[in-house]
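Here the structure comes first, spelled out in structure tokens, and everything after it is commentary.
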Amino acid sequence: MDNARPNKDVAVWINGIRNKLSAKDHVYYNENKTFIYAVPLKDGEDTISVTFGKGKYQLSHVQAYLGSLPERSKTLYQSEVQVDKKLTKDNVIQGTIQVKNDGWFITSIPYDTHFKMYIDGKETKIQKVNTAFLGCEIGSGKHEVRIVYHAPGATEGKVFSMIGIVGFVLLLVL
């Protein structure tokens, strides 16, 4: 996606799944110029819904692939994470998963190096899986899963904010 108005956000939805290119001056500008979607179709479905957000932009190198999983691949999807809503807040997703066989834990979260994943409290190596998504290897059994996103620059921002507050208070006192 090439945004002709880089000071404005632009987004595209496919079957309700949104990808967004943040404005260049946004605090968390994501530089996400390549949008990748994995859109499951139900039996008998042969169309998708595409919604183009407001803005002036150009899409290029658009590619689409259609395939089906063989009957035996139903074991590919072993189970879903049971999200603990009390522990899932801000930049943390946490829950449990029951895995039948050793394999891969694959999310629908776009891969980003600022994520950390913990399986049973131990940090595990994250990988880009299925060309675009966050994942890791996982063994069979019941596991606690925690995914944490560390926004780049957040710590520095907090430090500078505290310095500013302390400076302001000192200025008031003086």
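If you plug the beta carbon distance of Lys158 and Ala4 into 1/(1 + (r/R0)^6) with R0 = 35 Å, you get a FRET efficiency near 0.50.
Candidate values [x] 1.07; [y] 1.32; [z] 1.22 were compared with Cα Rg over 2.2 N^0.38 Å computed on the shown model; the agreeing label is [y]. Sequentially through region 140-155, phi angles give Karplus couplings (6.51, -1.76, 1.60; θ = phi - 60°) of 5, x, 8, 9, 8, 10, 9, 10, 10, 10, 10, 4, x, x, 5, 5 Hz, Gly and Pro residues having no value and appearing as x. This model, with +1 at the C-beta of Lys and Arg and -1 at the C-beta of Asp and Glu, gives region 1-68 a dipole about its Cα centre of some 360 debye. The 3J(HN,Hα) values that the Karplus relation (6.51, -1.76, 1.60; θ = phi - 60°) gives for region 167-174 are, in residue order, x, 5, 4, 4, 4, 5, 5, 6 Hz. Gly and Pro appear as x.
Oblate is the label for region 109-160, because the ratio a/c of its alpha-carbon gyration tensor axes (a ≥ b ≥ c) is 1.5 or higher and a/b is not greater than b/c.
I need the Kirkwood Rh of region 72-149: take the reciprocal of the average 1/r across all distinct C-alpha pairs and report it in angstrom.
On the way: mean 1/r = 0.0784 Å⁻¹.
One decimal place: 12.7 Å for the Kirkwood radius.
Evaluating 6.51 cos²θ - 1.76 cosθ + 1.60 at θ = phi - 60° for every residue in region 121-129, the Karplus couplings come out as x, 9, 5, 10, 6, 7, 9, 7, 10 Hz, glycine and proline recorded as x.
How large is the direction-averaged shadow of the alpha-carbon convex hull of region 1-68, in nm²? With every direction weighted equally, the projected area is 5.0 nm². In plain terms, the chain is cut at each of the chymotrypsin sites (Phe, Trp or Tyr not before Pro) found in a DSSP loop with at most 11 other Cβ atoms within 10 Å, and the longest leftover piece is 78-174.
For the set Lys56/Lys116; Lys89/Lys158; Lys20/Lys100, the pairs lying more than 25 angstrom apart at their alpha carbons are Lys56/Lys116; Lys20/Lys100.
Projecting label points 7 angstrom from Cα along Cα→Cβ for Ile36 and Tyr149 puts them 1.7 nm apart.
All of the numbers you see were taken from the coordinates with simple rules; none came from a lab. Fair warning: this is a prediction, and the values are worked out from it, not measured in the lab. Positions of Cβ are generated from backbone atoms using ideal geometry, with glycine treated the same way; all protein chains shown enter the neighbour counts.
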